[in-house]
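The structure appears below as C-alpha coordinates.
The values are calculated or read from the model by the stated rules, or taken from the named source; none is laboratory data. Predicted model, so just to flag it, every value in this text is computed and none were measured. Cβ atoms come from the backbone with ideal geometry, glycine included; neighbour counts cover every protein chain shown. Note: areas computed on protein heavy atoms with side chains; ligands, DNA, RNA excluded. Shrake-Rupley method; radii C 1.70, N 1.55, O 1.52, S 1.80 Å.
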Amino acid sequence: DQQVKQNSPSLSVQEGRISILNCDYTNSMFDYFLWYKKYPAEGPTFLISISSIKDKNEDGRFTVFLNKSAKHLSLHIVPSQPGDSAVYFCAASARGNEKLTFGTGTRLTIIP
Amino acid sequence: EPEVTQTPSHQVTQMGQEVILRCVPISNHLYFYWYRQILGQKVEFLVSFYNNEISEKSEIFDDQFSVERPDGSNFTLKIRSTKLEDSAMYFCASRGPETTPGEQFFGPGTRLTVL
(Lines give C-alpha, C1' and ligand atoms only; values in the text may rest on other atoms or scores of the structure.)
Protein backbone atom coordinates (compact mmCIF):
# COMPACT_ATOMS: atom_id res chain seq x y z
CA ASP A 1 0.00 0.00 0.00
CA GLN A 2 2.07 2.93 -1.32
CA GLN A 3 -0.51 5.69 -1.21
CA VAL A 4 2.07 8.21 0.01
CA LYS A 5 5.61 7.97 -1.30
CA GLN A 6 8.83 9.72 -0.45
CA ASN A 7 11.37 8.57 -2.99
CA SER A 8 14.44 10.11 -1.37
CA PRO A 9 15.47 8.25 1.78
CA SER A 10 18.09 10.86 2.57
CA LEU A 11 19.16 14.40 1.71
CA SER A 12 22.19 16.47 2.72
CA VAL A 13 22.12 20.26 2.48
CA GLN A 14 24.61 22.95 3.41
CA GLU A 15 23.60 25.21 6.30
CA GLY A 16 21.95 28.38 5.02
CA ARG A 17 20.84 26.80 1.75
CA ILE A 18 17.36 25.66 0.79
CA SER A 19 16.19 22.13 1.63
CA ILE A 20 13.51 20.67 -0.64
CA LEU A 21 11.76 17.48 0.39
CA ASN A 22 9.36 15.79 -2.00
CA CYS A 23 6.30 13.61 -1.63
CA ASP A 24 3.92 11.95 -4.09
CA TYR A 25 0.50 10.48 -3.42
CA THR A 26 -1.94 8.33 -5.35
CA ASN A 27 -5.23 8.59 -3.45
CA SER A 28 -7.47 11.35 -4.87
CA MET A 29 -9.58 11.27 -1.70
CA PHE A 30 -6.82 12.88 0.35
CA ASP A 31 -7.76 16.46 1.22
CA TYR A 32 -5.18 17.39 3.86
CA PHE A 33 -1.46 16.98 3.60
CA LEU A 34 0.97 17.37 6.45
CA TRP A 35 4.65 17.29 7.20
CA TYR A 36 5.91 15.79 10.42
CA LYS A 37 9.43 15.97 11.77
CA LYS A 38 10.98 13.24 13.90
CA TYR A 39 14.08 13.27 16.05
CA PRO A 40 15.57 10.01 17.39
CA ALA A 41 13.81 8.63 20.48
CA GLU A 42 10.89 11.02 20.01
CA GLY A 43 7.52 10.79 18.36
CA PRO A 44 6.70 12.65 15.15
CA THR A 45 5.99 16.36 15.62
CA PHE A 46 3.60 18.28 13.41
CA LEU A 47 5.36 20.87 11.28
CA ILE A 48 3.03 22.33 8.67
CA SER A 49 -0.04 21.34 6.67
CA ILE A 50 -1.94 22.30 3.56
CA SER A 51 -5.52 21.84 2.49
CA SER A 52 -6.22 20.48 -0.97
CA ILE A 53 -7.97 23.73 -1.90
CA LYS A 54 -4.68 25.63 -1.61
CA ASP A 55 -1.41 25.38 -3.48
CA LYS A 56 0.90 27.00 -0.95
CA ASN A 57 1.14 27.44 2.79
CA GLU A 58 3.95 29.28 4.53
CA ASP A 59 5.02 29.32 8.17
CA GLY A 60 8.28 31.10 8.88
CA ARG A 61 11.14 29.21 7.24
CA PHE A 62 8.83 26.41 6.13
CA THR A 63 6.69 26.44 2.99
CA VAL A 64 4.63 23.59 1.62
CA PHE A 65 3.61 23.51 -2.04
CA LEU A 66 0.83 21.32 -3.42
CA ASN A 67 0.42 20.38 -7.07
CA LYS A 68 -2.88 18.50 -7.22
CA SER A 69 -2.73 17.67 -10.90
CA ALA A 70 0.64 15.99 -10.39
CA LYS A 71 -0.37 14.58 -6.98
CA HIS A 72 2.84 16.00 -5.61
CA LEU A 73 3.79 18.11 -2.64
CA SER A 74 7.04 19.52 -1.43
CA LEU A 75 8.43 21.10 1.72
CA HIS A 76 10.90 23.95 1.41
CA ILE A 77 13.05 24.96 4.34
CA VAL A 78 14.99 28.17 3.92
CA PRO A 79 17.46 28.93 5.28
CA SER A 80 18.34 25.45 6.54
CA GLN A 81 19.75 25.24 10.06
CA PRO A 82 21.61 22.43 11.88
CA GLY A 83 18.57 21.90 14.14
CA ASP A 84 16.56 20.95 11.06
CA SER A 85 18.48 17.68 10.84
CA ALA A 86 15.78 15.04 11.40
CA VAL A 87 13.58 12.57 9.57
CA TYR A 88 10.70 14.27 7.73
CA PHE A 89 7.49 12.38 7.08
CA CYS A 90 4.88 13.39 4.58
CA ALA A 91 1.36 12.39 5.66
CA ALA A 92 -2.15 12.68 4.27
CA SER A 93 -5.70 12.35 5.48
CA ALA A 94 -9.05 12.09 3.74
CA ARG A 95 -12.19 14.02 4.65
CA GLY A 96 -14.14 12.42 7.48
CA ASN A 97 -11.28 10.05 8.14
CA GLU A 98 -9.14 10.34 11.25
CA LYS A 99 -6.21 8.24 10.19
CA LEU A 100 -2.98 9.61 8.81
CA THR A 101 -1.26 7.77 5.99
CA PHE A 102 2.49 8.30 6.18
CA GLY A 103 5.31 8.14 3.68
CA THR A 104 8.53 6.30 4.48
CA GLY A 105 10.38 9.45 5.48
CA THR A 106 13.41 11.41 4.30
CA ARG A 107 16.40 11.83 6.57
CA LEU A 108 17.61 15.43 6.24
CA THR A 109 21.13 16.26 7.31
CA ILE A 110 22.21 19.89 7.47
CA ILE A 111 25.95 20.27 7.07
CA PRO A 112 27.43 23.17 9.09
CA GLU B 1 3.80 22.69 27.16
CA PRO B 2 1.43 19.72 27.51
CA GLU B 3 2.60 16.48 25.94
CA VAL B 4 1.57 12.91 25.35
CA THR B 5 3.41 10.43 27.55
CA GLN B 6 3.87 6.70 27.08
CA THR B 7 5.01 3.90 29.36
CA PRO B 8 7.06 1.83 29.32
CA SER B 9 9.67 3.18 26.92
CA HIS B 10 10.80 -0.36 26.15
CA GLN B 11 8.93 -3.63 26.68
CA VAL B 12 10.44 -7.05 26.09
CA THR B 13 8.09 -10.03 26.06
CA GLN B 14 7.93 -13.65 25.04
CA MET B 15 5.89 -14.72 22.05
CA GLY B 16 2.34 -15.59 23.09
CA GLN B 17 2.33 -13.29 26.11
CA GLU B 18 -0.08 -10.41 26.60
CA VAL B 19 1.22 -6.86 26.74
CA ILE B 20 -0.43 -3.59 27.65
CA LEU B 21 1.04 -0.36 26.36
CA ARG B 22 -0.01 2.74 28.21
CA CYS B 23 -0.50 6.31 27.12
CA VAL B 24 -1.58 9.51 28.81
CA PRO B 25 -2.94 11.86 26.11
CA ILE B 26 -3.04 15.63 26.48
CA SER B 27 -5.74 16.38 29.03
CA ASN B 28 -8.34 18.26 26.98
CA HIS B 29 -7.96 16.11 23.87
CA LEU B 30 -10.87 14.00 22.70
CA TYR B 31 -9.45 11.94 19.84
CA PHE B 32 -6.91 9.19 20.46
CA TYR B 33 -4.83 7.03 18.16
CA TRP B 34 -2.31 4.22 18.05
CA TYR B 35 0.26 3.88 15.30
CA ARG B 36 3.20 1.56 14.92
CA GLN B 37 6.48 1.64 13.05
CA ILE B 38 8.29 -1.58 12.31
CA LEU B 39 12.03 -0.99 12.06
CA GLY B 40 12.91 0.50 8.69
CA GLN B 41 9.31 0.86 7.59
CA LYS B 42 6.71 3.60 7.57
CA VAL B 43 4.52 4.71 10.46
CA GLU B 44 1.24 2.77 10.14
CA PHE B 45 -2.17 3.63 11.55
CA LEU B 46 -3.70 1.04 13.87
CA VAL B 47 -6.81 2.54 15.44
CA SER B 48 -8.62 5.76 16.32
CA PHE B 49 -10.83 6.19 19.38
CA TYR B 50 -13.42 8.84 20.14
CA ASN B 51 -16.26 9.11 22.61
CA ASN B 52 -15.30 5.82 24.24
CA GLU B 53 -15.44 3.75 21.12
CA ILE B 54 -13.31 2.80 18.15
CA SER B 55 -14.01 5.16 15.26
CA GLU B 56 -11.73 3.51 12.74
CA LYS B 57 -9.25 0.65 12.60
CA SER B 58 -6.82 -0.74 10.07
CA GLU B 59 -6.44 -4.29 8.78
CA ILE B 60 -3.53 -4.71 11.18
CA PHE B 61 -5.84 -4.17 14.16
CA ASP B 62 -7.26 -7.68 14.34
CA ASP B 63 -8.84 -9.56 17.23
CA GLN B 64 -5.51 -9.76 19.03
CA PHE B 65 -5.60 -6.01 19.60
CA SER B 66 -7.87 -3.98 21.83
CA VAL B 67 -7.94 -0.43 23.17
CA GLU B 68 -9.42 1.00 26.29
CA ARG B 69 -9.76 4.28 28.08
CA PRO B 70 -10.14 2.89 31.60
CA ASP B 71 -10.31 6.28 33.30
CA GLY B 72 -10.24 9.96 32.40
CA SER B 73 -6.55 10.07 31.65
CA ASN B 74 -5.14 6.76 30.38
CA PHE B 75 -5.47 5.19 26.95
CA THR B 76 -4.16 1.64 26.55
CA LEU B 77 -3.34 -0.76 23.74
CA LYS B 78 -3.49 -4.45 24.60
CA ILE B 79 -2.02 -7.19 22.45
CA ARG B 80 -3.52 -10.43 23.62
CA SER B 81 -1.01 -12.98 22.33
CA THR B 82 2.09 -11.35 20.90
CA LYS B 83 3.78 -12.57 17.74
CA LEU B 84 7.33 -11.97 16.55
CA GLU B 85 6.01 -9.62 13.86
CA ASP B 86 4.44 -7.38 16.54
CA SER B 87 7.93 -6.13 17.36
CA ALA B 88 7.81 -2.43 16.54
CA MET B 89 7.73 1.07 17.95
CA TYR B 90 4.19 1.89 19.07
CA PHE B 91 3.14 5.53 19.11
CA CYS B 92 0.13 6.96 20.87
CA ALA B 93 -1.30 10.25 19.60
CA SER B 94 -4.13 12.57 20.50
CA ARG B 95 -5.77 15.68 19.17
CA GLY B 96 -8.16 18.29 20.47
CA PRO B 97 -11.34 19.57 18.86
CA GLU B 98 -9.78 22.84 17.71
CA THR B 99 -6.58 21.58 16.14
CA THR B 100 -5.77 21.73 12.43
CA PRO B 101 -7.21 18.69 10.60
CA GLY B 102 -4.61 15.95 10.69
CA GLU B 103 -2.53 17.62 13.38
CA GLN B 104 -1.97 14.94 15.95
CA PHE B 105 0.29 15.09 18.99
CA PHE B 106 2.48 12.04 19.32
CA GLY B 107 4.07 10.50 22.36
CA PRO B 108 7.71 9.33 22.36
CA GLY B 109 6.73 5.73 21.69
CA THR B 110 7.10 2.33 23.32
CA ARG B 111 9.55 -0.05 21.73
CA LEU B 112 8.05 -3.55 21.87
CA THR B 113 10.42 -6.47 21.39
CA VAL B 114 8.85 -9.92 21.07
CA LEU B 115 11.26 -12.83 21.55
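Taking only the C-alpha atoms of chain B, Rg followed by Dmax gives 13.4, 42 Å. Taking every residue in A:26-36 and counting other chain Cβ atoms within 10 Å of its Cβ, the average works out to 2. Peptide A:87-98 is shielded by partner chain Cβ atoms: per residue, an average of 3 of them sit within 10 Å of its Cβ. Counting only Cα atoms, the size of the protein assembly as shown along its three principal axes is 49, 36, 36 Å, in decreasing order.
Our coupling estimate for the stretch B:52-57, obtained by passing each phi through the Karplus curve with A = 6.51, B = -1.76, C = 1.60 and θ = phi - 60°, is 6, 8, 5, 9, 7, 9 Hz, Gly and Pro reported as x. Ranking A:Ile18, B:Ile26 by solvent-accessible area of protein heavy atoms (1.4 Å probe, all protein chains present), from largest to smallest, gives A:Ile18, B:Ile26. Within the listed set A:Asp59, A:Asp24, A:Asp84, the Gaussian network model of chain A (springs between alpha-carbon atoms below 10 Å) gives the highest mean-square fluctuation for A:Asp59. Going Cα to Cα from A:Lys71, which aspartates and glutamates come in below 12 Å? Please leave out same-chain ones fewer than 8 positions away. Filter leaves A:Asp24, A:Asp31, A:Asp55. Over all other residues within a Cβ to Cβ distance under 11 Å of A:Cys23, the charged ones net out to +1, with Lys and Arg as +1 and Asp and Glu as -1.
Taken over chain A, the convex hull of the Cα atoms encloses 99 Å³ per residue.
Counting Cβ atoms of other protein chains within 10 Å of each residue's Cβ and taking the mean over peptide B:39-47 gives 5.
Spatial offset of the stretch A:76-112 relative to the stretch B:13-92 amounts to 23 Å, using the alpha carbon center of each.
Result for chain A in a Gaussian network model with C-alpha springs under 10 Å: among A:Arg95, A:Arg61, A:Arg17, the largest mean-square fluctuation is at A:Arg95. Looking only at A:Phe89, A:Phe62, A:Phe102, which one moves most when chain A is put into a Gaussian network model with springs between Cα atoms under 10 Å? Judging by the Gaussian network model, the answer is A:Phe62.
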